[in-house]
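Peer 1: I'd like to ask some things about the structure below.
Computed from the coordinates by the stated procedures, all read-outs in this text should not be read as laboratory data. Being a predicted model, the structure only gives us computed values, none of them experimental. When we count neighbours, we look across all protein chains shown, and the Cβ atoms used for this are built from the backbone with ideal geometry, even at glycine.
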Amino acid sequence: MLEPLSMFVSSLGFIPHGHCYLWKPSLVWLNILSDGAIGIAYYSIPVMLIYFVSKRHDLPFNWVFLLFGAFIIACGTGHFMDVWTLWHPTYWVSSILKAATALISVFTALELFPLLPKLLSLPSPAQLEAANRELEQTLNALRQAQSQLVQTEKMSSLGQLVAGIAHEINNPVNFIHGNLSYTDRYTQELLNLLHLYEQSPQSTPEIQAAIDADELKFLREDLPKTLSSMRVGVDRIRQIVLALKNFSRLDESEVKAVNLSEGIDSTLLILQNRLKSKSTPSNILVKKNYGTLPLVECYAGQLNQVFMNLLSNAIDAIEQSHCGRSSDSIRANPGVIEIELSKLDEQVLVRVADNGVGMNLEVKQKIF
């Protein structure tokens with residue numbers, strides 16, 4: 001059983017390869033150094049390939065790297081075998097090693113043929129970079145869309161809150177306003193009746209003393225004024241409620257023809273507290289030039305939110321411009337917001353201007 005094996009490893013009948021070089025030292029050493037360097041290099045490449053594959057499990061066709069590693073190891077072993085056969089003519093072992101290298105090479109080549117179209121379909125670095133840029137742009141667009149959705153949701157919640165507050169205020173205000181007219185009429189009738197009673201000759205000293213003690217003359221003069229003040233206050237609350245309703249417009253979710261000036265006035269009424277801010281020595285002046293405009297078909301609630309943002313930004317810019325200025329300077333040059341509505345062909349132009357600090361370049365780039 002060992003005879004075939006001994007035949008393969010036997011060197012009988014062969015001469016070492018060094019005889020072909022006539023054992024010239026320079027030629028022998030040149031081959032030793034060359035084959036040895038090539039063999040070491042071939043052995044180091046599979047080590048790096050194996051390390052690379054072990055770290056990158058996401059690579060497609062990673063078995064190809066291992067197949068190349070086996071092929072390169074076989075080639076490196078062949079070079080070391082060439083150094084060995086310089087002194088030991090075991091050419092059967094060398095030939096078997098070459099045959100194994102040939103089998104691995106042919107197998108690798110055959111495996112590469114069906115794999116070549118798949119390898120060619122892999123994206124190039126330039127394509128990957130372009131795809132990465134496209135994904136980054138898409139991601140930025142999604143972030144902006146998400147931000148807009150969040151803002152829209154916030155404004156929608158604000159509109160619902162405003163509408164809810166307006167509804168809650170409107171009910172008791174309507175009750176008070178509806179009863180003020182009756183109260184005014186009843187009070188006037190009682191005062192007239194009391195006046196007639198004073199003119200009656202049946203008035204007694206006790207009644208006269210009570211009239212003097214209650215300051216009836218003052219009551220006659222002050223009670224109508226009190227009722228009038230109450231009516232003015234209730235009318236003011238009703239205006240605010242109406243402004244809140246016009247601003248929210250939750251009942252108008254579809255496109256409708258609306259008066260833009262009413263929407264702007266409602267927004268200004270809601271912002272009245274900021275226009276008369278106590279933090280500055282002078283109120284913010286609002287100059288309106290509405291002109292004659294037709295009704296505009298639009299989403300009224302969303303457009304009012306735009307007016308709210310524009311006017312709020314204008315107030316913010318004016319308040320920032322007041323920082324560092326003296327009270328006299330602010331009174332001499334107060335903050336001004338100019339609102340202009342005009343008709344431009346088949347469109348309506350809405351212009352809002354202020355004398356605040358303005359917008360920097362970074363903000364301007366994010367407007368549209």
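Peer 1: Using a/c under 1.5 as the rounded threshold, could you call the range 271-359 rounded, prolate or oblate? The axes a ≥ b ≥ c are square roots of the C-alpha gyration tensor eigenvalues, and prolate needs a/b larger than b/c, oblate otherwise.
Peer 2: prolate
Peer 1: From the backbone phi of the range 333-338, what are the Karplus-calculated ³J(HN,Hα) couplings (6.51 cos²θ - 1.76 cosθ + 1.60, θ = phi - 60°) in whole Hz, Gly and Pro given as x?
Peer 2: 10, x, x, 9, 10, 10
Peer 1: ³J(HN,Hα) across the range 130-141 via Karplus (A = 6.51, B = -1.76, C = 1.60, θ = phi - 60°), whole Hz, x for Gly/Pro?
Peer 2: So the Karplus estimates, Gly and Pro as x, are 5, 5, 5, 5, 5, 5, 5, 5, 4, 5, 5, 5 Hz.
Peer 1: Let me ask something else. Near the amide H of HIS88, under 5 Å away, which other amide H atoms are found, from residues 5 or more places off or on another chain, if H is placed in the peptide plane?
Peer 2: HIS17
Peer 1: Show the residues, 5+ positions off or on another chain, whose built amide H is closer than 5 Å to the amide H of ILE337.
Peer 2: Those lying under 5 Å, H to H, from ILE337 are LEU285, VAL286, LYS287.
Peer 1: In what order do GLU319, GLU362 fall by count of nearby beta-carbon atoms within 10 Å, going from fewest to most?
Peer 2: GLU362, GLU319
Peer 1: How charged is the neighbourhood of HIS79? Take every other residue with its Cβ under 14 Å from the Cβ of HIS79, and add Lys/Arg as +1 and Asp/Glu as -1.
Peer 2: Summing Lys and Arg as +1 and Asp and Glu as -1 gives -1.
Peer 1: For LYS343, which sequence-distant residues (separation of 5 or more, or a different chain) have an amide H within less than 5 Å of its own amide H, given hydrogens modelled in the peptide plane?
Peer 2: For LYS343, the qualifying residues are LEU349.
Peer 1: With a 10 Å Cβ neighbour count serving as the proxy for reagent exposure, in which order, fewest first, do ASP354, ASP58, ASP82 appear?
Peer 2: By the 10 Å Cβ count, ascending: ASP58, ASP82, ASP354.
Peer 1: What list of ³J(HN,Hα) couplings, whole Hz, do you get for the range 19-27 from phi and the Karplus terms 6.51, -1.76, 1.60, once you set θ to phi - 60° and write x for glycine and proline?
Peer 2: Using θ = phi - 60°, the values come out as 4, 5, 8, 6, 6, 6, x, 5, 5 Hz.
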